[in-house]
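Just below is one structure, and these are the notes that go with it.
The values are calculated or read from the model by the stated rules, or taken from the named source; none is laboratory data. Because the structure is predicted, anything quoted here is derived from the model rather than measured. Because the Cβ atoms are built from the backbone with ideal geometry, glycine has one as well, and the counts that use them run over all protein chains shown. Please note that ligands, DNA and RNA were not included when accessible areas were found on the heavy atoms of the full protein model with its side chains. Shrake-Rupley method; radii C 1.70, N 1.55, O 1.52, S 1.80 Å.
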Amino acid sequence: MLAKSLIGSLARSSSRALSTTVARCGGDGLQVHRDTPENNADTPFAFSAENRSRADAIMAIYPEGHKRAAVIPLLDLAQRQNGGWLPISAMHHVADFIGMPRMRVYEVATFYTMFMRNPVGKFHVQICTTTPCWLRGSDEILKAIKENLNIEVGGTTPDKLFTLSEVECLGACVNAPMVQINDDYYEDLTENDMVEILQDLKAGKKPPAGPRSGRYAAEPFGGLTSLTETPPGPGQFVRADL
């Protein structure tokens, strides 16, 4: 019955794109790199003194012979230093820093959608539209974002403040619908909640992350329905002859 209902909904909502930003764009960009004025091999990039110390500490975690395993945290460090996206020159710097072939770094950066290989705004709004969020109203949340920011999925506002991406499951299904903005999750959203969050960010405020429904985390709205009794103590239900 659920499958039939979902198929019917899909048929009625044929205008909804079933492919996400990262699925269409390969991790927010083509799998094959194309040089642009802001993203080419000559784009200046090197770890800052502070991040160089962090990179050395990350490398120290891994034993000799396994230093290449540091490629993901080092790429993340480079992306954070560069304002949320990863130019090809940063990939080259990480490859040289670790001492591994550049192609191996490309393979990692193009595989994981967390690495943004094109410029993004100061606030990267990633909306989940996978089934649980969709059933809970992610289409309405996405519409509210588009109308408030006046951009489409994959777009960036003219002031470079916001970039909008449609992504696969972010692992907060019980708090659907939800969005991730930079490192923060905003959950149990309504359209009004989403607009309020965006307006706060525009005004330079930091909206509180987490559920917007009054829940602390992912507890049921109506209170506990199981595990409501005092758990047995040590030794209870153990045979006396043991």
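Here are a few things to note about the model shown:
- Normalised per residue, the accessible area of the range 67-196 is 43 Å², obtained with a 1.4 Å probe and no contribution from ligands, DNA or RNA.
- Per-residue Karplus couplings for the range 184-196, computed as 6.51 cos²θ - 1.76 cosθ + 1.60 with θ equal to phi - 60°, are listed in order as 9, 9, 10, 10, 6, 7, 10, 4, 5, 4, 5, 5, 4 Hz, Gly and Pro entered as x.
- Once the chain from T157 to A57 is taken as fully extended at 0.36 nm per residue, the excess over their C-alpha distance is 32.3 nm.
- Only the Cβ atoms of Lys and Arg (+1) and of Asp and Glu (-1) were treated as charged; on that basis the dipole of the chain about its Cα centre amounts to roughly 340 debye.
- To put it simply, the accessible area of the chain at a 1.4 Å probe is 56 percent carbon and sulfur.
- Matching label, volume of the Cα convex hull per residue in Å³ computed from the structure shown, candidates (1) 205; (2) 234; (3) 188: (2)
- Computed over the chain, relative contact order equals 15 percent, with contacts defined as Cα pairs under 8 Å that lie 6+ residues apart.
- Amide H to amide H, with H built 1.01 Å from N, L86 comes under 5 Å of M116, R117, N118, counting only residues 5 or more places away or on other chains.
- Part-to-part distance (alpha-carbon centres) for the range 199-242 and the range 91-108, which is given in Å: 42 Å
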